[in-house]
Each structure stands twice: as C-alpha cells, then as structure tokens.
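Notes follow the structure.
The values are calculated or read from the model by the stated rules, or taken from the named source; none is laboratory data. Note that the coordinates shown come from a computational prediction; the quantities given were computed from them, not determined experimentally. When we count neighbours, we look across all protein chains shown, and the Cβ atoms used for this are built from the backbone with ideal geometry, even at glycine. The accessibility values were calculated without ligands, DNA or RNA, using every heavy atom of the protein model including side chains. Shrake-Rupley method; radii C 1.70, N 1.55, O 1.52, S 1.80 Å.
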Amino acid sequence: MSTKSGFIAIVGKPNVGKSTLLNALIGEKVAITSPKVQTTRFRITGILNDGDDQYVFIDTPGMHKPFHGLGKLMDKSASEALLDADAIMWVVDQTFKASDQIILERIQQAKLPTILVINKIDQLPKKSDIDQIIVSFLHVHDFVDIIPISALESTHLKHLKIALSKHLVQGPHYYPKDYITDQSDEARMTEIIRERILYYTEQEVPHSVAVVLESFQHFPDTNKMDIDALIIVERDSQKGILVGKNGEKLKKIGSEARKEINHIFKVKSHLSLWVKVKKNWRNDPNTVSKYGYGK
Ligand code: GDP
Ligand code: MG
C-alpha cells in the first residue's frame, strides 16, 4: 500500500496561533480564530490531503488551568487529543516560561515525537529573537524538529510539512479525499457566528457566549439558505452589550457572519439571530453538552 496517514495534535497556550496554523495548513478556514484567549472550545479536526499522504490535524483548546465546567471540558479535550496522535506540534510564540510547564508535562507523558513550532516570527523585532526562543526550549525537551513560522503569512509552512511528513505511517486514509474537517456544516456555522461575536465584544462576554442553530434549511433550486440561530449569554447586561444601541451590534455581527457563511458554503443565506439569557450555563453540565460541547 502506498498511502500514508497520521494524526497530528496541535497543542499550545491559548492565543499562540494554533487555529490560524491549522487553517493555513489546510488552506481553508476550518477553525475560527480571534485575538481573545480560549476561542477554540472543542477539538477540531482538519484534514490535509497531499497526493498519497493524509494529515489529520487535531486543533485543541489551549491547555490552561480550568476555572469553570466548560473550561474543564476544554482542558480534557486538549489532553485527550494526545492519546490518538502520531506526533505533536507544540506551538509557541515566546521564550519558555514557568506557565509552559503544564503543557511540557503532558508532552513528556505522551512520549510522542514532538515538533516545536515557533509561530508569529513576523512580529519579532529581530531575527536573533528566534534564537533566544529556540535556546530557551532546547534544554526542556528533546524535540524532533524546531521550525520557526508565521501562520498568518504562511511563512516556512513547506518546511513544517516536510518535518510532519516524517511521522506519517503506511496505511489506509481515515477520511475521503474531499474532506477538510469532521465538523458538521451546522457546527461550522455556529462557530462562524461565535467568531464574529468574539470580534465585537470584550472582557467576559466572549467567554459567556454559546451559539446554537435552531433551524437551517437549504433550498437547492435557488441555493438559498434560511438559518435561525440562538445566542446564549449568562447575564442581562451581556445581552445588552451584544445587542447594542438600537440593535446595531447584533445587526453587524449577523451581517458579517452571513457574508462569511455565504463565502464558505457558497450559498445565499438569510440569517436570523436571537439572544437569550441563561444564568451560569457554563457550570451546568447538561447545558454545556446541549450547546454542543463535550460528547
Ligand atoms: P489559538 O488560540 O492558539 O488557536 O490562536 P488563534 O489562531 O485564534 O490566533 C490568536 C491570534 O493570534 C489571532 O489574532 C491571530 O490572527 C494571531 N496570529 C496567529 N498566527 C499569527 C502569526 O503568525 N503572526 C501574527 N502576527 N499573528 C498571528
Ligand atoms: Mg484556537
């Protein structure tokens, strides 16, 4: 058999650019990204087919000390991704810090070939800053490769792919060739809406939001799509912030999400958004799973 495949877990602190890297490798947006920490809430699979090779990337929520029920679930899903993997990409954007210790321990337990990916080199003031980062990580772990990249500008991704290809194993592909993600269309749509919310809200609002698709219907003859989505927040004040003066913020979120959905799914969508308050939902396991997190 000439086909090869491999599961590659992407781990790292929140906000280092894991999801941006996944999208850059796949060449399409399969995971939402934002400047806010904890944007990714569950593991997202991105699939890259390259001739006879299939890479299955597992994007994880950043590993962190969890404070609430949803956070615990996010941390668990990041740790579990390591169990299935053939190799790990540890994404960092600065020198080794004490706060990297949690991830380092997980990596050492996993005993898998680990590539250190130094991201955001486009924003380093001096080339020698890369050396400092490399040196700081060299003594903490025996990495199979160390590759500096910019996920945002797609710099050095070829080198990264070559490093990754060494860890593929001979065998059948796990997904059909035209698959780029294992997420449902519904899940991707709610994530696109949540991404827009993250861009337009601050502080605790982004973390308190869940998006649920109430209904969606595609009409093939006209290529129109009707989408009704519910945005859940934890407090009345958050609802106020989200809706904005005269409903303007919600309108903006809706119109940008609609454009993005049209672009990704190549449809003409009509998107209706509602906001509902559900106190403390992140600590209620039933609600957390009802809103699509966990299994
Ligand atoms: P994650 O939490 O690790 O998944 O991080 P995201 O992929 O959501 O990215 C967090 C932020 O870093 C976003 O604002 C990205 O645009 C930004 N970012 C990601 N990669 C790069 C990069 O290579 N260079 C720069 N300058 N910014 C980046
Ligand atoms: Mg992410």
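Worth a mention:
- Index of the failed condition, GLN203 passing every other in (1) surrounded by fewer than 17 Cβ atoms within 10 Å (Cβ to Cβ); (2) at negative phi: (2)
- Matching residues, the range 17-42, being free of Cβ contacts under 8 Å to residues at least 40 places away in the same chain, crowded, with 22+ Cβ neighbours inside 10 Å and not polar (S, T, N, Q): LEU22
- Residue that is modelled with the highest pLDDT [pool: residues in the range 1-23 that are outside any loop (DSSP other than H, G, I, E, B) and among the charged types (D, E, K, R)]: LYS4
- Checked against (1) farther than 19 Å from SER19 by Cα; (2) touching a helix residue (DSSP H, G or I) at 6+ places or on another chain (Cβ under 9 Å), PHE219 passes all but a single condition, namely (2).
- All positions within the range 4-16 that are away from ligand 1 (no atom under 11 Å from the Cβ) and open to solvent by 30 Å² or more (accessible area, probe 1.4 Å): LYS4, PHE7
- Flag for ILE58 being open to solvent by less than 30 Å² (accessible area, probe 1.4 Å), within 11 Å of ligand 1 (Cβ to nearest atom) and touching a helix residue (DSSP H, G or I) at 6+ places or on another chain (Cβ under 7 Å): no
- Applying the condition of being touching a Gly at 6+ places or on another chain (Cβ under 8 Å) and of a type in the set (A, V, I, L, M, F, W, C) to the range 118-152 and asking which residue is surrounded by the fewest Cβ atoms within 10 Å (Cβ to Cβ) yields LEU152.
- Qualifying residue in the range 160-181 (condition: part of a helix (DSSP H, G or I), touching a Phe, Trp or Tyr at 6+ places or on another chain (Cβ under 9 Å) and either among the polar types (S, T, N, Q) or surrounded by 17 or more Cβ atoms within 10 Å (Cβ to Cβ) (or both)): yes
- Filter pass, SER79 being hydroxyl-bearing (Ser, Thr, Tyr) and exposed (fewer than 14 other Cβ atoms within 10 Å of the Cβ): no
- Qualifying residue in the range 221-235 (condition: part of a helix (DSSP H, G or I) and surrounded by 16 or more Cβ atoms within 10 Å (Cβ to Cβ)): no
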